[in-house]
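The values are calculated or read from the model by the stated rules, or taken from the named source; none is laboratory data. The model shown is predicted, which means the values in this text are computed figures rather than measured ones. Note that each Cβ is placed from the backbone with ideal geometry, even for glycine, and that neighbours are counted across all protein chains shown. Heads up: the accessible areas ignore ligands, DNA and RNA and are worked out on the full protein's heavy atoms, side chains in. Shrake-Rupley method; radii C 1.70, N 1.55, O 1.52, S 1.80 Å.
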Amino acid sequence: MELTFYTALMIGLLGSTHCIGMCGGIVGALNAGLPRSGQSLLSQVAHHFTYNAGRILSYVFAGAIAGLVGALATKFSLDTAVPFGRLIAGLIMIALGLYLAGLWHAVTAIEKAGLHIWRRIQPLGQRFLPANTPARAFGLGLVWGWLPCGLVYSALALSLVSASPRQGAVIMLGFGLGTLPMLFAMGGVAGQLVKLARHPAMRRLVGAGIVMFGVYTCVTAFSVHGHNHAHVDHNGLGQDMSETHTKSN
Amino acid sequence: MDCTLCGLPTPTPPIEAGGHGFCCFGCREVYRCFGDDVLAGEIVEAASQPLSPPDGAEAFLRVDGMHCSSCEILVERTAKKTDGIHSASSSFATSTARILYDPDRIDESQLPEILSVAGFRARLRGAAAPEPDERQSLFRLLVGVSLTAVVMMLYLAFFYPTHLGLVDFEELEPVRWLAFNAAPKVMFALTTLIIFYVGAPIFRGALIGLRVGVLNMDNLLAVAILAAYGYSAGQLFLGSLDLYFDVAVAIVTVVTVGRFFEQGARARATGELTGLMEAWTPVLRVREDGAFLQRSVDEVAPHDRIVIWQGEPVPVDGIIVEGQAAVDESLLTGEPFPVSRGPGDSVLGGSVIVEGSLEITAGAAAQSKMDTLARILWSAQSSFAGARSLADRIAGIFVPAVLGLAVVVAGWSLLDGVPPGAALLTGLATLIVSCPCTFGLAIPLTTAAGVSAALRHGIIVTSADIFEKAPRIDIAAIDKTGTLSTGNMIVAETFGVPEAARYAAAVERLSAHPIAQAIARLDQTHSATDLVIHPGRGAVAMVGDRRVAVGAKSLFATLGWTIPEQLAASASAHMPGEGVISYVGWSGRVHGAIVTRDESRPDWKAVVDRLREQARVVLLTGAEHPSGYEDGVDEVHAGVPPEAKAAVIRRLRADGTVLMIGDGSNDAPALAAADLGIAFGAPTALAADAADVVIPGGRLEKIFDAFDVIATTRRRVRQNLGWALLYNATAIPLAVSGYLNPLFAALAMSASSLLVVWNSSRRIGGTEPASASISAARTRPIKQGREFARP
């Protein structure tokens, strides 16, 4: 697996300290959707699992699209598009880090752009309320994956510059997995985490971490040229199959 | 300013909605969607209280043809849609359904017809079983295997060699027509036949799933089969030879083979239980005017003469008119060996005639204890609530997730430039390899096996969820009277002149009081007349020419007779625990005293000692004195009336999981309050409602058998669930990454299902219990039964 995957994972992991306060509300809504009698740990886990599975699936899908757009862009432009894209992605990450640290709110501008997509998708979410079955929780997750969110957009920027649908999807998968630990923390642990996440020092620390990733992405933007070609070998997995099973005329 | 929702600092100006400030658009949208509730951290759902269904009649049906939890849902929905049916629950693991209906609007005999939809065959409990469809499934299997062999041979001859590059296309030139024209068409025709004949049950299952809106394993299989078949058929008509008929037939055949064996193993796992249940709902032969008539249990009137032959269960309680037989009463009384019964003796409904035959007259109630028991069991069987909901939950998450995953994987491969055929294969492998069945089977089958294993030990499990409860017992609360003791009074000691005991026995023989019964057994030489009962104090009667009084101190106070100081002192001094002293007197004076006490069970000490190894043992008794039991236990709560026992149990539960062992009637509230309730004695409806386990008869050490069965069953459920998780966690990533081809996926999936079925059907509680239970008596050759029979 490659470095951008881990970068995305770290964005998810660090950035989700922000989600825990915000998404706590959605998680609360999920819990309320559970039947009173059956609020067993198992059913709670099932709901959270499917909700998050839906959410991550949406991310992966968005990542694949971003990767596809990136791939098309690279095809029709000079090779220089990729390094510049990486530079921009790095800058977005720096902005995100500053935002999480509470210093600079520029990322909200990108979020605002995402609102247009969200306005169309959000009404679908009403169908899955109350989220009283795992299937509905899954649907809800699918929809809420599109919630305008600076974190998601910075990870998507990485997908975009990967210029491959598969790579883009993998990056978003990494991001989604990164957000899991925080969102899966439940009960008393969640309360402690929220407190910790709101602590200014913690926010600065997390912000600084993401800024560092952003700086790293910017610095290496021009040095990891040709990097993109390495993925072709990865794609070979599917092709092993095709060799043995493709039936030629 | 901080964000109202997440508490992070807001930008200036903040993003606003509804008078609140938010840090980002995400938070604002969450608030907009869920409103103010989300700020409080929880959303309260207006829960509509379901009305409790009106009382109605209860019917149990056997429903054949159910094979997954979506079938259960369909049966239940069909029933509930019918006017006059209040509620329905069903279990595919035990092929049962329980219907609560209004007898004024619907007749019980109509129920089988109503439920026989979508290929299910329903019949009432006790109705004759139709011919099993094993032959048809075998025929299907043979057709599938042989036709698949033909398709595979064609592939081997013309397709695989070229695909693998072993043979060049040019080399097939001489047989060109055969290889490229005839063979594909034959393969198409055979595949069509295999899919739609052999694979019909799969599609039926998929349709049932769709009808009830639940995605199941069959849906995954159906999608996979139709995708492979449809793609290949399309390619064939377009003139391409990119054909995957091999995949389609392999899935169908492998799954059919797997299901065939699964069916057999499942039938064995639940068959025993079914046999036991049907043993209790027999058709009877009633002798009327010299002719035999077939009747169902419900139609038997009191005083009907019923003929029962060797090997058959006694349908109702009754009195023997003719015949002599060895009767196995193990399930009712716990007595391990068959007992001999002859004319004039009473027999209990539910016992089995091991040897001989009987003609009995039905008792006044014409109702058998076992019938009640059977009802209890059927209702436990048809509502494996915990198991069902888990299977549902898993299928609800799992199947859509797998479908989504397969689509994503196939789409992804396509985007990546993999040829459509190979992308399809990867998607198909993902669909097939995932096995929600293993989850669905893991609990219900094992639970059914556990219940039937318990029955073989003469233990009745009345609520299947004990297998999911905490495995460890911290505190064992035991009732004294009727549990540690038999509840029968025995004479502990006699004092005074020898005539006292003889006269007392004569007087007390006329009384039905338990103490009187104990005293009456002392002697039979005298007889008494002119009995006068003094309720609560004793009795007075004439023995010969003497007026003899037997009773408590208060009786003699009333009579004005004196009690010698010395006698009273020695009786009190020797009083073991809570023994009861009865004085015996005549001619105005007390001449003797008899001390009676509750008889302890012979094995109580050993059982309590064994319990103490793993738990704190608390004696819970209504009596004021623990009467000798206090040394054997850790803690004593004496003088606790039955209604307060439940409160004690609730208090004990603060310290850990509580096991309550008591008798089924007095201790019912306490049994219900405990984490695990075990009731001894007669298996009444009350006991079954309150306790999780009912152990008929008085063999205390059977609780350890019950523990064993529960622990083994629980372990096996875990193993099965663990396997299902492990299998899916390994197989799905393999399929997604394209390492698994659909053929092996189908094999792996079937093998996984079979493993779970096999594990569930393994015998629970390896050692054969000493008691000759109903099932043992039914399956064991009669000759062996003869050895047990007393002359």
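Does B:A668 fit the bill of being within 24 Å of B:A448 (Cβ to Cβ) and modelled with pLDDT under 80?
no
Taking segment B:724-761, which residues are within 12 Å of chain A (Cβ to nearest Cβ) and β-branched (V, I, T)?
The one that is within 12 Å of chain A (Cβ to nearest Cβ) and β-branched (V, I, T): B:V736.
Of everything in segment A:108-123, what is more than 8 Å from chain B (Cβ to nearest Cβ) and hydrophobic (A, V, I, L, M, F, W, C)? Give them in sequence order.
A:A109, A:I110, A:A113, A:I117, A:I121
Kindly indicate which of A:A53, A:A64 is within 9 Å of chain B (Cβ to nearest Cβ), open to solvent by 10 Å² or more (accessible area, probe 1.4 Å), at pLDDT 70 or above and within 22 Å of B:C27 (Cα to Cα). Full working, then the answer.
Numbers: A:A64 fails: within 22 Å of B:C27 (Cα to Cα).
Criteria check complete, one pass: A:A53.
Scan segment B:389-407 for residues that are open to solvent by 20 Å² or more (accessible area, probe 1.4 Å), at pLDDT 75 or above and more than 7 Å from chain A (Cβ to nearest Cβ) and jot them down.
B:L403, B:L405, B:V407
What are the pairs, 6+ residues apart or on separate chains, where a residue within segment B:1-18 that is more than 7 Å from chain A (Cβ to nearest Cβ) has its Cβ under 7 Å from a residue that is assigned to a loop (DSSP other than H, G, I, E, B) and modelled with pLDDT under 70?
From segment B:1-18, the pairs are B:D2/B:L8; B:T10/B:M1; B:P14/B:M1.
Across segment A:38-50, what is the total count of residues that are of a type in the set (G, A, S) and either in contact with a Leu (Cβ under 8 Å, 6 or more places away or on another chain) or modelled with pLDDT of 70 or more (or both)? Give the derivation first.
Filtering segment A:38-50 down to residues of a type in the set (G, A, S) leaves A:38, A:40, A:43, A:46.
If we keep only those that are either in contact with a Leu (Cβ under 8 Å, 6 or more places away or on another chain) or modelled with pLDDT of 70 or more (or both) too, we end up with A:43, A:46.
The total comes to 2.
Which numbered condition trips up A:W146, out of (1) in contact with a Pro (Cβ under 7 Å, 6 or more places away or on another chain); (2) outside any helix (DSSP H, G or I); (3) within 25 Å of A:Y6 (Cβ to Cβ)?
Condition not satisfied by A:W146: (1).
Could you please find all residues in segment A:168-201 being over 12 Å from A:A62 (Cα atoms), open to solvent by 10 Å² or more (accessible area, probe 1.4 Å) and at pLDDT 80 or above?
Within segment A:168-201, just A:L177 meets the criteria.
Take the residues in segment B:335-345 that are crowded, with 19+ Cβ neighbours inside 10 Å and either in the same structural domain as B:V461 (by TED's automatic domain parsing) or assigned to a loop (DSSP other than H, G, I, E, B) (or both), then tell me which one is modelled with the highest pLDDT.
If we take residues in segment B:335-345 being crowded, with 19+ Cβ neighbours inside 10 Å and either in the same structural domain as B:V461 (by TED's automatic domain parsing) or assigned to a loop (DSSP other than H, G, I, E, B) (or both), then B:P338 is modelled with the highest pLDDT.
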